[in-house]
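Take a look at the structure below.
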Amino acid sequence: MKNKLYILLFILLASGIISCKKVVEGINNDPNSPQDADAITMLTGVEISDVVVQEGETARQCSVWNGNFTGEQFQYLSLNQYLMIAQDFNPTWELIYASSLKNARLMKNKAYQTHNLQLVGVAQTIEANLMGTATALWGDVPFSQATSTNFPNPAFDPQATVYTAVQALLDSAIVNFNSTAFTAFAAQDVFFAGNMPKWIQTANTLKARYYMHVRDYNSALTAATNGISSAANNFLAPHSTLSTGTYNLYYQFMALSRPGFMDAKGAYAVSLINPAGANYRGNTKTIEKARFSYLYSSATNPNYTTNGFFYESVSFPMASYAENLLDLAECDFRINGFNNGLARLNTFRAYMSAGGYIGATYLTAGNYKYDPYVAADFAAGGIENNTATKLANDRALLREIMEERYVTFIGQIEGFNDTRRVRKETDISVPIPPTTGTSIPQRMLYPQIEVDLNKSTPNPIPGLFTPTTVNN
Amino acid sequence: MKEKNSTLLMLFLLFFIPIIVFGQEVKPVAASKMDNNNSVKHLVTGVITDRSGVLLPGVTVRVKNSNTVAGSNTLGVYTINVAHPDVDVLVFSFIGFKSVEEKVGGRVRIDIQLEDGNSNLQEVVVTALGFEASKDKLGYTTSKVKGDRIAESGEVSLVDGLGGKASGVRISRSSGSDPGAASQILIRGQSTITRSTDPLIVLDGMPVEGSSRGESAGGTTQQNRLSDINPDDIASVQILKGASAAALWGTRAANGVIQITTKKGGGDNTVISFKSTLSIDKVSQFYDLQDKYGQGSGGVYGLNNTLSWGDKIANRSGGSDTYNLAGPQFVDALTGQTFYTITQKNSQQTFLKQNYDEVLGTGSYLDNNLSISSGNAKSNYFFSVGDLNQNGVIKNSSDYRRTTLRFNATKEMSKWLSITNSFNYSRIGSDRVQRGVNNAGFMIGLLRTPPDFDNSAYIGNYYAAAGGSFIPNRQRDYRNYLGASTNPGFNNPLWVTNEMTNTDLVNRFINTSEINATATDWLKFTVRGGIDDFSDRTLNYFPFYTANANTGQYNRDEYNQLQFNIDAIARANKKFSDNFTGSLIVGYNYNSQSSSSLGAQSVNFTIPTGPHNFSNATPANITTNDAFTNTRSNAGYASLGLDMFNQVFVNANGRLEAASTFGIDNSAFFYPSADAAWQFTELKSFRDLKFLSFGKLRASFGIVGIQPQPYQTATNFVSPQISDDLGGSLNPGLYGTGSYVQSVNKGNPALKPERKREIEFGTDLRFFDNRLSTSITYYQNKTTDALINIPQAASTGFNFIYANAGSIQNKGLEVDASYNIINKGNWSFTADVNWTKNNNKVLSLDGAASINLGETAGISSRAVEGYPLGVLYSIPWQRDANGKELLDANGFPIPGVTSAVIGDPNPAWRGGIGFTLKYKSFGLRTLVERSQGGQIADGTDAVLVDYGTSATTANESTSPTPLKTYSGTIIPANTPFRGNIQNFGAGNVALEQSWYTGPGGFFGNVGEEFLHSATWTRVREVTLTYNLDAPKLLRTNKIKSIVLEASGRNLFLWSQVKGFDPDVNVGGSQSARGVTYFDNPPTRSFLFTIKANF
């Protein structure tokens, strides 16, 4: 009997051990999430990621530093006082790389695999937009080795290299947009519903933007000539009243998640366009009241009330006809001189005269006027060269173009990029007063996560007031 | 499923075949009625219980002056042959109890109640597999807490009831006044970095859910599921602290095991017990707020201003404020009072006390318990019903109600077979407030309210213009004086308590069944299976115009969890000679846990005051979550034990386990353990030492593990909400046709369990005839392959990868002592001491600089290499090479830009001391606990100085010399100003608004500024008991006893912080500790209890 018992015990123990692995196999496959998705399914997610990069926290930070808004409380008081720490930049960096760039590249590869070349073009354009923004704000950034499993410590490519690569991406994108090889993705393309001419124009405007960052005005002029040709073709971040998850991000920030953090008290931009402002730029040919009311609900607050520029359902410009017109103005001026520049500026003013990008609600007759300028307006003593120190007329024109760009880019990253680009041309740059010290910040800090975890991160990291290479 | 069924079937067959086969030839073990000689014997039988009716197995029953000895069985039943029924005396003796002599006097039935004797004597403990063993023979240490000590603590939760009662076990609260809030249980320090630190809870042999779910620094507090168990149902709690003690639970044992044994019935007499407790709870600590300065900024009154840096209230003209009667208005919905825009603030009235009293007051609970226990020689049962109904100190919205039902029964079917079943049902309903890092939170609204703002009118109609149309139900608070904005900024605390609801309803069934079969006198089989099944419904309702949810928000989450566990165990015990006994245990364990969660959130209500359901929102405003988890493990185990020369006891255990959460390449893992004990006082040379009654040396070694999270072996694609840092987020699902992109978290096919190795040495000594007993243990453990969500440089394309990386170590010392100082006549006085020191160190994180464990964004609790786990991490002041603070041009310290370790929340040691004094029918018991060392960051006051409501900011100083402020302005000499004077090293400077709203406040990032010593001493419990002689007093035999108790919980607290309890934690019961941020206030309680036995 005992022997039988031992045998049974042995069988028991053995069966337990043998069944050990088998019993638990095959149930660790996540029933809640897929492990793959095709390129077209990824598109909307990739596009919306780019929206958050271009319109979200980074745009607000740039705009506060650029004198468009004022940080009032808590983290935004620190922002206003330039009291930034490396850790503050973790979320935006993670958004750019891990959420956006990685998926844009993954989508690009998947689109290549199915030979959906038009979708490859979209991926490339978004990749270029992400990296153009990143290198403009951080200088040297990981690019060639970024988001690859082969490189645990992605190298920081020199800023000039990144700009070159961005142009190459956009060139390739334009080629791909012209291809006829595609599977339709109109329903997933929340920017242009698969409209290739619009994508081509956007790619060209972005090319102009990034050429200007490196002061290659010649190439920028060429690109802008093929850029966004009408407001209807604007590269817009779409917003709607559908639900909070579609609302304008400025609106979400100011009205919903962080009321009181940011306003426009004492903001330099307000003083420029508020008819009651100290530096009001209106003159006999210019009335800014409508644009001011569209952008600011009062002298102290950005306009996130109904149909204002930052209202919940108002779409946000990521690249626009207005930008493209002003790129043409500045580049044509710098390459071909005063007359070309003036003509281009007047094209922009004609656009604004017809209402421009100002919301219809705010287009009250008499509240906006953008009559064409003539050369005499920029001569010493002219309405646009009337300050204590008189400028040469061509510098006065450039100053007006830069000021126009400054106003047009209120709330957008490009305003901050402009300010830093022309910081040495002190005669024509917009004189934004720093809230403290002698300079506004010249870059974003490398985030703490890269400092901690990427051995390629420059050590020590450049400070907030160290210009990036192209602006040095 | 098929596979599971077949495995189970096989197991049952394997066990029952031998049972049936051997059952046929079992020889009777107990004495038979007739002996071999012809003389008639007198058989006496009876049931032995302790005073509370708990059955006592293993009691020795001896006929005085003879060799006849018997013992009580598992049901406490004994049977003994008596030769001379008229004159013989039975002696009942049992370790830990006073011996009783009882004359037989011809009776055949004698039931005995044993009284607690010297509790320091040899104890019976419950081992990992749920079997009883003699504590004196163990090679490891465990702590045992008796059920009545937990029930008497006055704590609603079983977890808190354990506080201060055992060495090596740290109970830390997360919230003071939220009824049912989870507390952290930490056994021998944290031995995992990111996995749960909760110990495994084993209830009557069945692992049950004991942890909390969904804790964060915001939201509401969450409950420990361990609190679902009624403390009055518990007979004892055994805490298996070390790896060796717990090793037979494998990957679930790394945080220790808490074995809970519930009460069993007993005795022929049916005992009905009733207990009723009333508790009165009061807020014990509250922040010191100022009432000298009004709302505003820069010394100027400002309507709707966020801050209280306004004008001096005493300097106002007095009388009523001046209003603009023609402008917008607010009409209070409750009183009809109309509010207008204040154009001139004249009133000197302040509302600190009124604002407090409106939302905080006296809480209470009523706890009723009824139990019935009974049985006979072959069976016993215990039935109980309990109901605890609590209204917390936060008015209208801190309720907790726990209703429990228990039925335990054991039946001896035959000499060789017995069946036990224990059934538990719990229903827990609660309502809580939003708290912590959360603009919708209760304390944020209350503590940030300026002293000159009256919160009482919180809901009403807003008129944009006098005489115009109005919008109903707008929220009015200090940042929204007329309710003009849909966003109140923060919530009026009355809005939090009266308009918002956060309810929770748990229905839980736990059932355990056990079959014990005795095959031969040396071989036993046990099959024990159980289920733990609960549902948890959580509802949150934020009405229109609530902060964080201006157009309403409604959440509903339906969570279900099921655990199924079965053990099949064979035990053999063989005495080979007088000096050599061996035992072998072989078993198999199967465990399956599954959960499902279905919930949704709606925002932007269609009708602001519409029904609380998802119909009241458009589809685009509803997001759902739908998730399943399923994990499974199985294991075979064996344990070999040897008793040698009655003084050396050795055990060796092994468990081979496989779990579904392991990576593809990792099959089963083996967990060995061993322990040895030597009772050296059995040696001749020690027997003569009069003062030393008992001495044992012990040593043990063990390896246990922790499983990975499920579903981490692959990288997922997700449908993300793309978040905008401090702002909102965009949802790609609301655009296009929906979208999936690759997650920022990288999967890992190579996952394996964490492994914790522990060695332990100790000694148990008893002196002076066992009156003083001590136990000292040193342990050292090291966890390797710790599972970490390793942060990745985002430029690699991922934010995290889940991997086995890093290691962590704990070294500690545990001391327990108990001294029965007086035991004379009617007097007895006992002192109990426990003391624990644990040093923790993160040895490696495999390159990850730091792992964020939680708390707030500004001050986090992290794992950092070379530091104890959970160190506080924030921005320090800039310092030179010598560690001296750098100062700016105005003489103020300069905030750094990169975060660093600033403090350590871990205490140096914790200790408890308890006294029990008894005199006749009176008893007095106290428990004092001290936590020495560690730090806590007071994020609350750090914010309140920024807001100017902290009393610190209302000091009025006069500048002795011209003083610079942080912003660089100069306060001329002899000028009074609001603020403080400090010298940072470059002469006196003025701390005023620009300092406190800058680096001197929470939002200046410098967490270092707000650290405090977390040392505390508290009188946890004081209980006065009076045992009424009911039969005599009430002249009835129906009531057997009445006990009256008056007690206090958390009566006194000494600490170096003001306004809060340093044992609080904004992150809840998880491993991150050391920060408080607008947590709900702590309480003290006064309890009155009556217990009656019928």
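Descriptive notes on the structure:
- Legend: distances between Cα atoms for A:K198/A:K369; B:K574/B:K696; B:K146/B:K841; B:K282/B:K1091; B:K264/B:K1091; B:K165/B:K752; pairs beyond 27 Å are A:K198/A:K369; B:K146/B:K841; B:K165/B:K752.
- Cα→Cβ-extended label distance, 7 Å offset, between A:K285 and B:I664, nm: 7.0 nm
- Within-9-Å neighbourhood charge of B:L726 [Cβ basis; K, R +1; D, E -1]: -1
- Using C-alpha pairs under 8 Å with a sequence gap of at least 6, the mean separation divided by the residue count of chain B gives a relative contact order of 11 percent.
- Nitroxide proxy distance, nm - points 7 Å out along Cα→Cβ at B:I894 and B:V833: 5.2 nm
- Between A:T300 and A:A276, the contour length at 0.36 nm per residue exceeds the alpha carbon distance by 7.4 nm.
- Here region B:500-580 is treated with +1 on each Lys and Arg Cβ and -1 on each Asp and Glu Cβ, and its dipole about the Cα centre works out to around 260 debye.
- In sequence order, region A:414-430 has phi-based couplings of 4, x, 5, 5, 4, 4, 6, 5, 9, 4, 7, 7, 5, 5, 10, 6, 6 Hz under the Karplus curve 6.51 cos²θ - 1.76 cosθ + 1.60, θ = phi - 60°, and Gly or Pro positions carry x.
- In range of the label at B:D357: residues from region B:265-295 whose backbone nitrogen is under 16 Å from the point 7 Å along Cα→Cβ: B:283
- Calculated [θ] (222 nm, deg cm²/dmol) that DSSP helices of n ≥ 4 give over chain B, each run adding -39,500 (n - 2.57): -2000 deg cm²/dmol
- What the Cβ-Cβ distance of A:T241 and B:A627 gives, at R0 = 25 Å and to the nearest 0.05, is a FRET efficiency of 0.25.
- At R0 = 45 Å, FRET efficiency that the Cβ-Cβ distance of B:Q348 and B:L1034 yields, to 0.05: 0.15
- Counting DSSP beta bridges with both ends in region B:124-283, the antiparallel % (nearest 5): 85 percent
- Neighbourhood charge, 10 Å Cβ-Cβ cut-off, centred on B:G139 and excluding it, Lys, Arg +1 and Asp, Glu -1: +1
- Charge dipole (chain B, unit charges on Cβ, about Cα centre) - positive-most of B:F407, B:N438, B:S196: B:F407
- Positive contributions from Lys and Arg (+1) and negative ones from Asp and Glu (-1), summed over other residues with Cβ under 13 Å from the Cβ of B:G582, come out at +2.
- In order through region B:203-218: 3J(HN,Hα) via Karplus (6.51 cos²θ - 1.76 cosθ + 1.60), integer Hz, x for Gly, Pro: 9, 6, x, 10, x, 10, 5, x, 9, 10, 10, x, 7, 7, 6, x
- Net charge dipole size for region B:836-895 [Lys, Arg +1 and Asp, Glu -1 on Cβ; Debye, nearest 20]: 240 debye
- Amide H contacts under 5 Å for B:F453: B:F351, restricted to partners 5 or more places along the chain or on a different chain, H placed in the peptide plane at 1.01 Å from N.
- Basic side chains Lys and Arg get +1 at the Cβ, acidic Asp and Glu get -1 at the Cβ, and with that the dipole of the protein assembly as shown about its Cα centre reaches some 4060 debye.
- Separation of the A:T438 and B:R109 label points, Cα + 7 Å toward Cβ, nm: 10.4 nm
- Global geometry of the protein assembly as shown, whether rounded, prolate or oblate, following the gyration tensor of its Cα atoms and the 1.5 cut on a/c: prolate
- Relative contact order (%) - region B:950-1094, alpha-carbon pairs under 8 angstrom, separation at least six: 17 percent
- Under the shape rule built on the C-alpha gyration tensor, where the axes satisfy a ≥ b ≥ c, chain A is prolate, since a/c reaches at least 1.5 and a/b is greater than b/c.
- Residues of region B:540-568 with amide N under 18 Å of a point placed 7 Å along Cα→Cβ from B:T503: B:540-544, B:553-559
- Percent antiparallel among DSSP beta bridges (both partners in chain B, rounded to 5): 95 percent
- Nearest-0.05 FRET efficiency for B:Q647 and B:K920, computed from C-beta distance (R0 41 Å): 0.50
- Of all DSSP beta bridges confined to the protein assembly as shown, the antiparallel ones make up roughly 95%.
- Ranked by the mean number of other Cβ atoms within 10 Å of their residues, highest first, the peptides A:355-367, B:137-149, B:409-421 fall in the order B:137-149, B:409-421, A:355-367.
- Dipole axis of region B:286-407 (+1 Lys, Arg; -1 Asp, Glu on Cβ), positive-most option in B:L352, B:G336, B:I394: B:I394
- The length gained by stretching the chain between A:E25 and A:Y112 to full extension, at 0.36 nm per residue less their Cα-Cα distance, is 27.7 nm.
- Cα gyration tensor shape for region A:336-441, rounded if a/c is under 1.5, else prolate or oblate: oblate
- Among B:902-915, B:599-612, the peptide with the highest mean count of other Cβ atoms within 10 Å heads the list, and the full ranking is B:902-915, B:599-612.
- Taking amide hydrogens as placed 1.01 Å from N in the peptide plane, the amide H of B:S308 sits under 5 Å from those of B:G296, B:G948, B:T949, each at least 5 positions away in sequence or on another chain.
- Per residue, the average separation of C-alpha pairs within less than 8 Å and at least 6 apart gives region B:172-219 a relative contact order of 21 percent.
- Cβ-based charge dipole, region A:226-369, positive-most Cα from A:T241, A:F309, A:S229: A:F309
- Sequence-distant residues sharing a close amide H with A:K265 (under 5 Å, placed H): A:T70
- Between B:T774 and B:K574, the contour length at 0.36 nm per residue exceeds the Cα-Cα span by 68.8 nm.
- Applied to region B:977-993, the Karplus parametrisation 6.51 cos²θ - 1.76 cosθ + 1.60 on θ = phi - 60° returns per-residue 3J(HN,Hα) values of 8, 7, x, 10, 10, 9, 10, 8, x, 10, x, 5, 9, 9, 9, 9, 3 Hz, with x for Gly and Pro.
Just so you know, all these numbers are worked out from the coordinates, no wet-lab data involved. Only a predicted model underlies this, so the values are computations on that prediction, with no experimental measurement involved. In this analysis, Cβ positions are derived from the backbone assuming ideal geometry, glycine residues included, and neighbour counts consider all displayed protein chains.
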